[in-house]
Amino acid sequence: MSGETTSVDYIKHHLTNLTYGPKTDGTWGFAHSASEAKEMGFWAFHVDSLAWSLVLGLIFLFIFRTAAKRATAGVPSGMQNFVEMIVDFIDDAVRGSFSGKNPWVAPIALTIFAWVFLMNLMDLFAIDHLPWVAGWFGETFLGMDPHHVYMKVVPTTDPNITFGIAIAVFVMMLYYSIKNKGFTGFSAELTMHPFNSKNPVIMAIFIPINFLLEFVSLISKPLSLALRLFGNMYAGETIFILIALMYGAGWGFGLFGGMLQLGWAIFHILIITLQAFIFMTLTIVYLDMAHQTDGH
């Protein structure tokens, strides 16, 4: 952090996405401030979040594909052991939480766990290094002011990413619910519970009440998935930023900040793993609910 940069500017810079979208003059380009990014509205793209999500997804595919191609029946390599350990872990989680029959659930759970974990893992990179590289690249090759080059390297601190994954899970829930229960069964699930009566007049009164309660419960699933992951990772990233501010306050605070950063990083390893596990487990549970047909 340079001497000309205040603490508030430093925090805002690290919490602002590299945004590309429509400007007020009708042209498209990168936002030069957080307020300009906000003015771009719904059609703006968070380039950093999208790019890092794509790169980390490709890394996941590369690692597991390479391990699968090199897998042997003899003594396994270190990478094969690592991948097999994760696959067995996911398989046990699916067997424990999913009672239906669907060969896609385990691959979906594996993808979600590994992808979310890798995105969360970016939180352990030094706060300033990758944004500095992005600023240098923008200044050197694009002629941009480095102070206007934003780079958030943790995709799960962006609600657009967490909601994107949660909505994908929600769409799968709806698809399998209708596929396994039929449209009539799925509609009955939303309108015939929790209140029920054999009297048709009373039941007609219960139907809109049931629908309201069940609809809120249904919508809360993707909301809880997205907001839980975003909230935990955003808070963790903010703490890292606040600790990094101490490095600019002298040797004493810098040394103390280094100890805090190390302690928080070690503790954060548990958080990033736990959040990936919770997201995966809830996905399995929600898909299991979509496959249950006992009540229909």
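Here, each number is a calculation from the coordinates, and none is a lab measurement. Keep in mind it's a predicted model, so treat the numbers as computed, not measured. Glycine also receives a Cβ, built like all others from the backbone with ideal geometry; neighbour counts cover every protein chain displayed.
Summary of values
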item: Pairs of lysines in the chain (C-alpha under 16 Å apart; 8 or more residues apart or interchain); result: 6
item: Choice from Thr27, Thr273, Thr111 with maximal GNM fluctuation in the chain (Cα, 10 Å cutoff); result: Thr27
item: The chain - mean residue ellipticity at 222 nm from DSSP helices (-39,500 (n - 2.57) per run, n ≥ 4, rounded to 500); result: -24500 deg cm²/dmol
item: Positive-pole candidate from His46, Ala67, Met259, dipole of region 7-291, charges at beta carbon; result: Ala67
item: Inter-part distance where region 245-269 and region 188-225 are each reduced to a Cα centre, Å; result: 51
item: Mean Cβ count within 10 Å, highest first, over the residues of peptides 51-57, 62-68, 161-167; result: 161-167, 51-57, 62-68
item: Total charge dipole magnitude, region 1-49, about the Cα centre, Cβ charges on Lys, Arg, Asp, Glu only, Debye to nearest 20; result: 120
item: Structure-derived log10 I(q)/I(0) by the Debye sum over Cα atoms at q = 0.08, 0.10, 0.16 Å⁻¹: which label, when the choices are [x] -0.35, -0.54, -1.32; [y] -0.30, -0.47, -1.32; [z] -0.49, -0.72, -1.27; result: [z]
item: Dipole of region 7-291 [Lys/Arg +1, Asp/Glu -1 at C-beta], most positive-end residue of Thr156, Val171, Ile271; result: Val171
item: Cut-off 16 Å (backbone N to label point 7 Å along Cα→Cβ of Val171), residues of region 102-129; result: 108, 112
